[in-house]
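So that we are looking at the same thing, I have put the structure below in structure tokens.
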Amino acid sequence: MNIHEYQAKQIFQEYGIPVPPGKVVRSAAEVSSAIKDLGGQSWAVKAQVHAGGRGKVGGVKIAENEQQAAEITEELLGKRLVTQQTDAQGLPIESILIEKTSPIKREFYLSLLVDRATERVSFIASAAGGMDIEAVAEQTPEKIIAFSVHPAAGLQSYQCRKVGFALLLDGLQIKALEKLMRGMYQLFLDKDASQVEINPLIETEQGEVMALDAKINFDDNSLPLHQDILAMQDPNQEDEKENKAQQFGLNYITLDGNIACMVNGAGLAMATMDLIKLKGGAPANFLDVGGGTTAEKVAEAFKLILSDGKVKAVLVNIFGGIVQCDVIANGILAAVKEIDINVPVVVRLEGTNAEIGRKLLNESGLGLLAADDLSSAAEQVVKLVEVA
């Protein structure tokens, strides 16, 4: 789960991570009061959406006076911001963070994430802040410092000093950096985060070290333990179909293709999408209905994938182990009977009661196409899309 920048900065403050003074507004009429509270000579007006790259597309602007701040706020609110991290529709701007500007001397990058290679929490730092870290890694990898934290020993002072020296900070700044990094690490553990990112981390002209931006991602599996975090969820910033899928215990991710997939098992789902690509098609989604699904759950999954207007065909790939193929077949038939389907549906069933399931589909009279194996199923669905 993602949260907004202003929410992340509220959490930062709880853990002693310094951030610029800021106020959240949801209308231009609130700007005057916010600026009076903040003081200062200029302010950053920042659109609050769950995506990076806002500054490159006009989502972050500097206002030199109150009127300008109100005008920028009025201009941004109610619009959809399209960045390199959103789809073509972008995300709605419903709130604005107004921050007192700080004179910046240098910009850095600092993040904390789960490194699956080392199976530990790892820090990543770079003197090249304010840029996409992927670009830094590709173009100037020598500017990246990375290290893992041993779960028993925890974050060590020498590790913080190593980062401070690499960023060319002085003694007092390194002490401030260590306090900031310890706050990030404790936050990460306490809140079951999957990523904590500061880009940029700045050194001000006065020598302070401060988080100018803030991004926190949380492990969805831990959210029932953190009702305070769950309360920060903004459904308007998330895919509507993905939210609906969660209500039925389905793992669903929207993609850009036109062949919908319904599969039981994450690994099998990825293999199915790979095979569709291999045959020349493009998957419209990732959808794992789970190993112990029911006919009702399958019906909801089917309705969900068919609600995507881009879909021109559907490939159902089920391996019946825990769940029996006839149960899946009955769920598919229930969904087909309930909703109007105007795209071809190819179904591959294998495993427990596969023959019964295929017989149910073939004798349904609903025009469903049963395939004998996955390769031929993928080839068949791609050809159907090409003809459509």
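Relative contact order (percent) for the stretch 191-308, with alpha-carbon contacts under 8 angstrom and 6 or more residues of separation? Can you show the working numbers first?
On the way: 164 pairs, mean separation 22.5, N = 118.
With pairs under 8 Å counted, the relative contact order is 19 percent.
Local charge sum around residue 26 (other residues, Cβ-Cβ under 13 Å, Lys/Arg +1, Asp/Glu -1)?
Values: positive: 23; negative: 30, 74, 94, 234.
Local net charge: -3.
Further, regarding this structure: Could you tell me the calculated FRET efficiency between residue 322 and residue 94, based on Cβ-Cβ distance and R0 = 51 angstrom, to the nearest 0.05?
Numbers: r = 42 Å, r/R0 = 0.82.
Calculated transfer efficiency: 0.75.
For the stretch 159-202 and the stretch 288-357, what is the separation of their Cα centres, given in Å?
Between the Cα centre of the stretch 159-202 and that of the stretch 288-357, the gap is 48 Å.
Of the peptides 109-120, 320-331, how do they stack up when ordered by the mean number of other Cβ atoms within 10 Å, highest first?
Numbers: 109-120: 15.8, 320-331: 21.5.
Ranking, from highest mean packing down: 320-331, 109-120.
Counting DSSP beta bridges in the chain, what percent are antiparallel, to the nearest 5? Can you show the working numbers first?
Details: 48 of 65 bridges.
Bridges in the chain are about 75 percent antiparallel.
Could you give the length gained by full extension between residue 115 and residue 135, i.e. 0.36 nm per residue of separation minus their alpha carbon distance, to one decimal place?
Values: separation 20, 0.36 × 20 = 7.20 nm, distance 1.90 nm.
That works out to 5.3 nm of additional length.
Follow-up. Would you work out the charge dipole size for the chain about its Cα centre, treating the Cβ of every Lys and Arg as +1 and the Cβ of every Asp and Glu as -1, and quote it to the nearest 20 debye?
On the way: 36 positive and 52 negative charges, 80 e Å.
Once rounded to the nearest 20, the dipole reads 380 debye.
While we're on this one: Based on the Cβ-Cβ distance from residue 37 to residue 221, what FRET efficiency comes out when R0 is 30 Å, to the nearest 0.05? Don't jump to the answer; show the numbers that get you there.
Values: r = 38 Å, r/R0 = 1.28.
My answer for the efficiency is 0.20.
Looking at the stretch 178-283 only, what percent of DSSP beta bridges run antiparallel? Nearest 5 please.
Working: 7 of 8 bridges.
Here the share of antiparallel DSSP bridges comes out near 90 percent.
Every read-out reported here was derived from the displayed coordinates using simple, explicitly stated rules and does not represent laboratory data. On a predicted model such as this, the values are computed, not experimentally measured, just so you know. No Cβ is skipped: glycine too gets one built from the backbone with ideal geometry, and neighbour counts run over all protein chains shown.
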